[in-house]
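A.B. asks: Below you will find the structure I want to go over with you.
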Amino acid sequence: MEGDDSEFPPESSEHSHSQRGSVASSVTRAQDVLVYLVTDSAVHLCVEGVGCVSVQEMGRSVREALNVPDSAQDAFAFWLCSPLLELQLKPKHQPYKLCRQWQDLLYRFTEASEDDIAQDEPCLQYRRNVFYPKIKELQIKDEGVLRLLYDEARMNILDGRYPCDPEHWLALGALSCAIELGTGLEEQKVIAAIREKKLSSFLPGHLVVGGGFLSTLRGKGARQAELEQSLLREYQTLSQDASQDPTHYLRQYLSTCHTLPYYGCAFFSADIDKPAQGILHRGGRKAVTVGISLEGVYVMDVKEKHVLLGLRFNELSWDHSYPDGEGDSHILWLEFDGEEAGTPVNKLLKIYSKQAELMSGLIEFCVELRSAGEAAATGMDGEVAPAQAPADQVGTAERPRGNRRGKLRRQSSVVCSRVHSLNTISYVDDGKEIKRLKPKRAASFFTRQAPPQDYAAVQVAESLEQG
């Protein structure tokens, strides 16, 4: 299970599934606490009254242990993480008490079985803060802080959470070699080091073990050798300027990651409907990851490791609906501009997830930050800067309000939206009832929007045939 945000609602004390006891016995007792980093190393703390210690109080001790300067303290946050759920905590949260409620949170926000929930245990992690602007990250000069940010970005690249194109993952892999191995090494030493650490320590794992049908025919060994040589060439190009200090490569790695629109997202596990296929028009559901950041919402294919839909907040409306009955799902609705047979329409995407409430809350909070001008006050307006946005990303160029997108075409880049592959509801009649109709309405179906809107409801002449 992936996912999360800091805005998870308070858990009701009634009908609790958790069998864990009171925290009263731990209020005054000193206990050892391990705060993990993404590299699985840990900061060891001895905390008095751990049952009542807040994230804010614990943060001071962790920053002191890691030598994080006060100027960079907002770059990081505490998370409770397990294979089933990830939650970023607020400064006022008390980690120990939330650990005691972990089973309740799993029942509420995951589809995990009772056995899996009973065996799951969270760990406390110190990771990047979802609400920390990218532009402030590039102003950091402390090598230790840059290393912490690099470690997390690298993990997300290798795990496929940050899908990227070959030119990106090769460049990032070479930078990792320079950071981990140093620059200026001879060819044989580089190859030996790569093989010792394994190729998956430098390149995304799904590329190393996968590669498609043709790669299977060539054999795993041939593909590994090809990737090694590509990585070596990129590393040798990088090593031509061996005078750079380590912080240069750390910052360059982060800068490259910043070109990916979903860098710094909180991630959620979900499903969407597959388009009907075959004579019987069978559909089913596809597993997706939903990433939400200060800039927008990104729906990514878990299996294929590419973007299905990427929208900035001013390009969408959204809402969250609760299940109507037993067996129904929580749904996050995304509404955005599109085309149907050359006609501008409003499209609705249904995202099924028990974390829909978390996703909706995070979107709302990010929109409020933008509206209040907090992001602008820190030098970050919430938009992807033209220099940072991929040149071929669909929907990232500035558009005057009311203008429509050009025709969406199939893109080869993993960063580009693939709206054609989504099973969306294309029309909404008068904002009252969802139907597959030709468009005729004057307002968004949803009222939850981020002003000012580039997104615009479809307005069609009265003479347009309804059907």
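The values are calculated or read from the model by the stated rules, or taken from the named source; none is laboratory data. Note that this is a predicted model, so its numbers are computed, not measured. Counting neighbours? That spans all protein chains shown, and the Cβs are built from the backbone with ideal geometry, glycine included.
A.B. asks: Only one residue in GLN125, GLN188, GLN139 is part of a helix (DSSP H, G or I) and out of contact with any Leu (no Cβ under 6 Å at 6 or more places or on another chain). Which one?
C.D. replies: It is GLN188.
A.B. asks: Look through SER269, SER255 and report the one residue that is modelled with pLDDT of 90 or more and under 20 Å from THR289 (Cβ atoms).
C.D. replies: Testing whether each residue is modelled with pLDDT of 90 or more and under 20 Å from THR289 (Cβ atoms) leaves just SER269.
A.B. asks: Still on this model: For SER82, are the conditions met, namely being under 25 Å from HIS330 (Cβ atoms), more than 17 Å from the chain's Cα centre (by Cα) and of a type outside the set (Asp, Glu)?
C.D. replies: It is false that SER82 is under 25 Å from HIS330 (Cβ atoms), more than 17 Å from the chain's Cα centre (by Cα) and of a type outside the set (Asp, Glu).
A.B. asks: Please work out which residue is farthest from the chain's Cα centre (by Cα), limiting yourself to the range 24-37 and to residues that are surrounded by 14 or more Cβ atoms within 10 Å (Cβ to Cβ), assigned to a strand (DSSP E or B) and at pLDDT below 95.
C.D. replies: If we take residues in the range 24-37 being surrounded by 14 or more Cβ atoms within 10 Å (Cβ to Cβ), assigned to a strand (DSSP E or B) and at pLDDT below 95, then GLN31 is farthest from the chain's Cα centre (by Cα).
A.B. asks: Which of (1) more than 16 Å from VAL419 (Cα to Cα); (2) under 24 Å from the mean Cα position of the chain (by Cα) does LEU238 not meet, given it meets every other one?
C.D. replies: (2)
A.B. asks: Right, next: Please specify each residue of the range 177-204 satisfying the condition of being under 25 Å from the mean Cα position of the chain (by Cα) and surrounded by fewer than 16 Cβ atoms within 10 Å (Cβ to Cβ).
C.D. replies: SER200
A.B. asks: Which residue, of LEU260, LEU311, is within 14 Å of the chain's Cα centre (by Cα), of a type in the set (A, V, I, L, M) and under 30 Å from LEU181 (Cβ atoms)?
C.D. replies: Criteria check complete, one pass: LEU260.
A.B. asks: Can you work out which of the residues in the range 205-240 that are over 22 Å from PRO163 (Cβ atoms) and not in a helix (DSSP H, G or I) is modelled with the highest pLDDT?
C.D. replies: Only one residue tops the list, namely GLN240.
A.B. asks: Quick check on my filter: what residues within the range 159-183 are among the small types (Gly, Ala, Ser) and touching a helix residue (DSSP H, G or I) at 6+ places or on another chain (Cβ under 8 Å)?
C.D. replies: Within the range 159-183, GLY160, ALA171, GLY173, ALA174, SER176, ALA178 qualify.
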